Structures are given as structure tokens and as C-alpha cells.
Amino acid sequence: VQLQASGGGLVQSGGALRLSCAASGLAFSNNIMAWFRQAPGKEREFVACINWSDGTTYYADSVKGRFTISRDNAKKTVYLQMNSLKPEDTAVYYCASNGGNSGAPYRRQTYNYWGQGTQVTVSS
């Protein structure tokens, strides 16, 4: 199983970025794909997730209305469109897959496959 995250970078406050996570080796049925982020000195936190089968999405309150998670079945890729970025969004962003496991979608422990992370820096 491989998850390859990309798309991070430096952007000014109020700007936008789109992250991508290309997945391979997964059985996509019953699969939830998620984005987490980790800022320096902080715990890794849930950002958003999507059910690969039916497209159901779920967001952390801190990003609701600004971020949108989506998927492309043909490309086996999950995206995170981030708009109206704030300095507090600065973090390393990780994509993850639960591999079909059950569990609350906002918990780190639900996910057993992780990408390598991509840095997002928002300047004020």
C-alpha cells in the first residue's frame, strides 16, 4: 500500500492550495480516506475524511466551510481543496487510509496507512 501526498507550499493568508493523495495497493471498498495535520509541538489532528464508496464527507470544525475533500475514482486520488487559508493552518498535512477497518473517522487510531506528509505554510 502506498499513499503519495503532494501539493503543499507557501501561501499568503487568504490564499488557496490543493493537496493530492495518490493511492495504490488498496482495496477501495469500505475504505475511508482522510487528511490529518500536525503543527510543530502539537498533536496530529483530524482535518477531513471521505468514504471512498459513497462520497460521504466529514470535517473538523476548524476547517468546515473553507476546505473541501473529494476523490477521483479513476485516478485513485483524494484531494483537499483549501481556501481562505489562515496562519493557524500551517502544518505538515498527511493523508491516511483506514484500509477498511472500523472506527471513528476522526481518530488517528482508525487509520493504518499513512502518506509521507506535505508541508503547508501560510504567512500572515
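Candidates in the range 87-115 are the residues that are part of a loop (DSSP other than H, G, I, E, B) and touching a strand residue (DSSP E or B) at 6+ places or on another chain (Cβ under 6 Å); of these, the one that is farthest from residue 50 (Cα to Cα) is 90. Would a scan of the range 46-61 turn up a residue that is in a strand (DSSP E or B), of a type outside the set (A, V, I, L, M) and in contact with a Gly (Cβ under 8 Å, 6 or more places away or on another chain)? There is no residue in the range 46-61 that is in a strand (DSSP E or B), of a type outside the set (A, V, I, L, M) and in contact with a Gly (Cβ under 8 Å, 6 or more places away or on another chain).
Yes or no: the range 82-91 includes at least one residue that is of a type in the set (D, E, K, R), at pLDDT below 95 and buried (at least 16 other Cβ atoms within 10 Å of the Cβ).
So far as the range 82-91 goes, no, none of its residues is of a type in the set (D, E, K, R), at pLDDT below 95 and buried (at least 16 other Cβ atoms within 10 Å of the Cβ).
Of all residues in the range 1-32, those being in contact with a Pro (Cβ under 7 Å, 6 or more places away or on another chain) and part of a loop (DSSP other than H, G, I, E, B) number 1. Just one of the listed residues (42, 75) is at pLDDT below 95, assigned to a loop (DSSP other than H, G, I, E, B) and more than 14 Å from the chain's Cα centre (by Cα), namely 75.
Residues satisfying the criterion are absent from the range 103-114 (criterion: modelled with pLDDT of 95 or more, in contact with a helix residue (DSSP H, G or I) (Cβ under 8 Å, 6 or more places away or on another chain), closer than 14 Å to residue 37 by Cα and surrounded by 14 or more Cβ atoms within 10 Å (Cβ to Cβ)). Residue 62 - would you say it is open to solvent by 50 Å² or more (accessible area, probe 1.4 Å), at pLDDT below 95 and out of contact with any helix residue (DSSP H, G or I) (no Cβ under 6 Å at 6 or more places or on another chain)? In short, no.
Inside the range 74-87, can you point out the residues that are in contact (Cβ under 8 Å) with a residue 24 or more places away in the chain and of a type outside the set (Val, Ile, Thr)? Within the range 74-87, 75, 76, 79, 80, 81, 82, 83, 84, 85, 86, 87 meet the criteria.
Considering the range 22-37, the residues that are over 13 Å from residue 105 (Cβ atoms) and surrounded by 15 or more Cβ atoms within 10 Å (Cβ to Cβ) include one that is farthest from the chain's Cα centre (by Cα), namely 26.
The values are calculated or read from the model by the stated rules, or taken from the named source; none is laboratory data. Note that the structure is predicted; figures quoted are calculated from it, not measured. Note that each Cβ is placed from the backbone with ideal geometry, even for glycine, and that neighbours are counted across all protein chains shown. Surface areas here come from the heavy atoms of the whole protein model, side chains and all, with no ligands, DNA or RNA. Shrake-Rupley method; radii C 1.70, N 1.55, O 1.52, S 1.80 Å.
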